[in-house]
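The structure under discussion appears below in the form of structure tokens.
The numbers here are math on the coordinates, done by the rules we state, and not lab data. If you're wondering where the values come from, they're calculated on a predicted model, not measured in any experiment. Because the Cβ atoms are built from the backbone with ideal geometry, glycine has one as well, and the counts that use them run over all protein chains shown.
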Amino acid sequence: MSATIVVLNGPNLNLLGQREPQFYGADTLADVERRCVAAAGARGFDIEFAQSNHEGALIDIIHHYREAAGFVVNLGAYTHTSIALRDALATVTGPIVEVHISNVHARENFRHLSYVAPIALGVIAGLGVRGYEFAIEAIADRFAPN
């Protein structure tokens with residue numbers, strides 16, 4: 001197992017800071033990446049940070065890094081629609097933490113279903129971009145000595 005945590009972002013997250021700031025805030029995806037690098041570095045992990053608007057590209061990334069220490073995933077709308085991404089994530093060896101910047105349970109009903117949650121260590125929703133840092137901490141804690 002590597003000392004890398006993969007942070008994977010799905011469709012439209014490239015528009016963070018511009019798209020629906022009432023739900024997603026003003027931080028950009030570059031801001032999120034900086035936060036993730038700092039949080040992981042403080043715990044001795046590297047970050048592989050990726051975003052794609054294309055389902056197949058996300059699956060390819062998962063396959064490539066499937067033996068990483070863990071995955072932090074914000075699959076955007078694919079969370080609620082993609083069995084293919086769920087199946088790819090089921091092949092990874094480390095823990096998965098699902099992140100949503102907004103509280104998906106306070107929004108439209110279609111956002112309440114997650115294909116990832118049943119195979120995830122945990123789900124963090126509604127805590128803004130800090131949720132990524134909390135997810136990294138949760139994965140790092142799995143490797144901490146007792």
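What residue, among those in segment 51-74 that are among the aliphatic types (A, V, I, L, M) and touching a Phe, Trp or Tyr at 6+ places or on another chain (Cβ under 9 Å), is surrounded by the fewest Cβ atoms within 10 Å (Cβ to Cβ)?
Looking at the filtered set, the residue picked out is 69.
From the list 51, 22, exactly one residue is of a type in the set (S, T, N, Q) and under 21 Å from residue 123 (Cβ atoms). Which is it?
The match here is 51.
Can you tell me which residue is surrounded by the most Cβ atoms within 10 Å (Cβ to Cβ) among those in segment 122-137 that are outside any helix (DSSP H, G or I) and either more than 10 Å from the chain's Cα centre (by Cα) or small (Gly, Ala, Ser) (or both)?
129
Kindly indicate the residue of segment 95-114 that is more than 17 Å from residue 11 (Cα to Cα) and within 13 Å of the chain's Cα centre (by Cα) and also surrounded by the fewest Cβ atoms within 10 Å (Cβ to Cβ) among those meeting that condition.
Of everything passing the filter in segment 95-114, 95 is surrounded by the fewest Cβ atoms within 10 Å (Cβ to Cβ).
When you scan segment 79-92, do you find a residue that is within 21 Å of residue 28 (Cα to Cα), touching a residue at least 12 places away in the same chain (Cβ under 8 Å), surrounded by 15 or more Cβ atoms within 10 Å (Cβ to Cβ) and out of contact with any Cys (no Cβ under 9 Å at 6 or more places or on another chain), even just one?
yes
Go through (1) in contact (Cβ under 8 Å) with a residue 60 or more places away in the chain; (2) part of a helix (DSSP H, G or I); (3) more than 13 Å from the chain's Cα centre (by Cα); (4) under 23 Å from residue 93 (Cα atoms) and name the single condition residue 63 misses.
All conditions pass for residue 63, except number (1).
Which of (1) in contact with a strand residue (DSSP E or B) (Cβ under 6 Å, 6 or more places away or on another chain); (2) without any contact (Cβ under 8 Å) to a residue 60 or more places away in the chain; (3) hydrophobic (A, V, I, L, M, F, W, C) is the odd one out, the single condition residue 119 does not satisfy?
So the condition that residue 119 fails would be (1).
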